[in-house]
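Contents: one structure, followed by commentary.
The values are calculated or read from the model by the stated rules, or taken from the named source; none is laboratory data. Model, not experiment: these values are computed from the prediction. No Cβ is skipped: glycine too gets one built from the backbone with ideal geometry, and neighbour counts run over all protein chains shown. Side chains included, ligands, DNA and RNA excluded: accessible areas come from the protein's heavy atoms. Shrake-Rupley method; radii C 1.70, N 1.55, O 1.52, S 1.80 Å.
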Amino acid sequence: MKTNVVRIGNSRGIRIPKKLLEECRLEQTVELEAHKDHLVVRSATKPRAGWDDAFRRMADHGDDALLDRASLASTKWDRTEWRQSS
């Protein structure tokens, strides 16, 4: 896909089609990275940012238990090999 560099005040910019923005999950803030002959544009938001802290808080409050344990079929491995990490 080609596009033109356009004047935006004293700067220059490019227009990125909506479909491409959606496909790349680019929203309001992006990170720009210049390489020798190309420009990398990536989302500044990380899809799983904060998950570690959220899981830790869940464990601290006992909210990390499997709710539907009865529907899981127990295997020999589950009964003899599996160990919960501390």
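Positive-end ranking of 70, 82, 41 along the dipole of the chain, with charges on Cβ about the Cα centre, is headed by 41. With the simple spin-label model, which puts each label point 7 Å out from Cα in the Cβ direction, the residue 39 to residue 3 separation comes to 0.9 nm.
For the chain, the solvent-accessible area of protein heavy atoms averages 102 Å² per residue (probe radius 1.4 Å; ligands and nucleic acids excluded). Between residue 53 and residue 10, the simple label model (points 7 Å from Cα in the Cβ direction) yields a spacing of 3.7 nm.
Run the accessible area of the chain with a 1.4 Å probe and give the carbon-and-sulfur part as a rounded percent.
Values: 4520 of 8780 Å².
Carbon with sulfur: 51 percent of the solvent-accessible area.
Only one residue of 20, 8, 58 has its Cα farthest out toward the positive end of the dipole of the chain, where Lys and Arg carry +1 and Asp and Glu -1 on Cβ, and that residue is 8.
For the stretch 47-53, 3J(HN,Hα) computed residue by residue from phi via the Karplus equation (6.51, -1.76, 1.60; θ = phi - 60°) reads x, 10, 4, x, 5, 4, 5 Hz, glycine and proline entered as x.
Could you tell me which of rounded, prolate or oblate describes the chain, using a ≥ b ≥ c as the square roots of the eigenvalues of the alpha-carbon gyration tensor, with rounded for a/c under 1.5 and, failing that, prolate when a/b is larger than b/c and oblate otherwise? Prolate, because a/c is 1.5 or more and a/b exceeds b/c.
Quick check for me: using +1 on Lys/Arg Cβ and -1 on Asp/Glu Cβ, what's the dipole size of the chain about its Cα centre, in debye to the nearest 20?
Details: 17 positive and 14 negative charges, 115 e Å.
So the magnitude is around 560 debye.
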